[in-house]
Amino acid sequence: MKVMGSVGVSLILVGELLSFVHILPWSQFVFPLFWYGYILLVDALNQRLTGRSPLRERKAEFASMLPVSAFYWYLFEWYNLVIQNWVYINTPPEVWLATTMKIVSFATVIPAVCETAELMEGFAKKREGFKVRPLLPAHWHLFVFVLGLLLSLLPLLLPRFFFWSVWLGLFLVIEPINDRLGRPSILNDWRGGNLRRAVLWLLAGYVCGFFWEFWNYWAYTKWIYTVPIPDMPHIFEMPILGFFGFGPFGLETFAFWTLLWGAKDAKG
């Protein structure tokens, strides 16, 4: 796994070079370099920290993640046709090439968040302090599901006011389904007063969010935000309030992948 980690670092360094010294057309394609490099590097860190390599030990799962991840992020791209919170600039003029690069790039989203959650799990392995009193009533499923549907539809009906609920609605729709199917559920954890899984996936969302914004900021081909909120400090391109959405996105990613893949490799 040292080799994989070295390859990951090399890909990231090449991406950095092409971000700061624009060499066209190659500087249009740095996103996959960063994120496939990131996945390889974090997998190597997981191997070193816990003795587990998700990429090597769960090959079938990771192979499935790639196309599913591309579809998953396209859900938010389709929302963005209505809410118009971000636009891409300096993309390749050829439609086929721009679309291919998007698919290849979007395929990294779920693997990156899952690898990062595994890393957070490794850091938190022997620590306590995630237990609290139960946070949800026993019969939470219907209320949460209906609330999730509402928050999923409102961005399409009132995008100016409910653009933010895109990053929460899907999570609330899927969580009751996961629990009814007997699969891991963050909200069912809350029902038992256990915050561990939620904290780990929130952190994974924020860690990935930081690097998404960090690498995007200097890239030639990048996204910029058009979020309808008052002027405020930014974290790279992202308005600071918008950055808080990366945590819920981590939870949403956990719920979505658990729904599709099942309980076999979920960690609590």
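Coordinate-derived values only; no laboratory data. The structure displayed is predicted, hence computed values, not measured ones. Methodologically, a virtual Cβ is constructed for each residue, glycine included, from the backbone with ideal geometry; neighbour enumeration extends over all protein chains shown.
A few notes on this one:
- Relative to the compact-globule estimate of 2.2 N^0.38 Å, the Cα radius of gyration of the stretch 150-249 comes out at 1.24.
- Neighbourhood charge, 10 Å Cβ-Cβ cut-off, centred on residue 62 and excluding it, Lys, Arg +1 and Asp, Glu -1: -1
- Volume in Å³ per residue [convex hull over Cα atoms, computed for the chain]: 134 Å³
- Centre-to-centre separation between the Cα atoms of the stretch 67-123 and those of the stretch 168-245: 14 Å.
- What the Kirkwood sum gives for the stretch 74-211 is a hydrodynamic radius of 17.3 Å, with every pair of different alpha carbons counted.
- Here each label is just a point 7 Å from Cα along the line to Cβ, and for residue 95 and residue 130 those points are 4.7 nm apart.
- Placing dummy labels 7 Å off each Cα toward the beta-carbon, the span from residue 123 to residue 20 is 2.5 nm.
- Counting charges near residue 141 (Lys, Arg +1; Asp, Glu -1) among other residues having Cβ under 15 Å from its Cβ returns a value of 0.
- Potential lengthening of the chain between residue 84 and residue 13 amounts to 22.4 nm, from the contour at 0.36 nm per residue minus the alpha-carbon distance.
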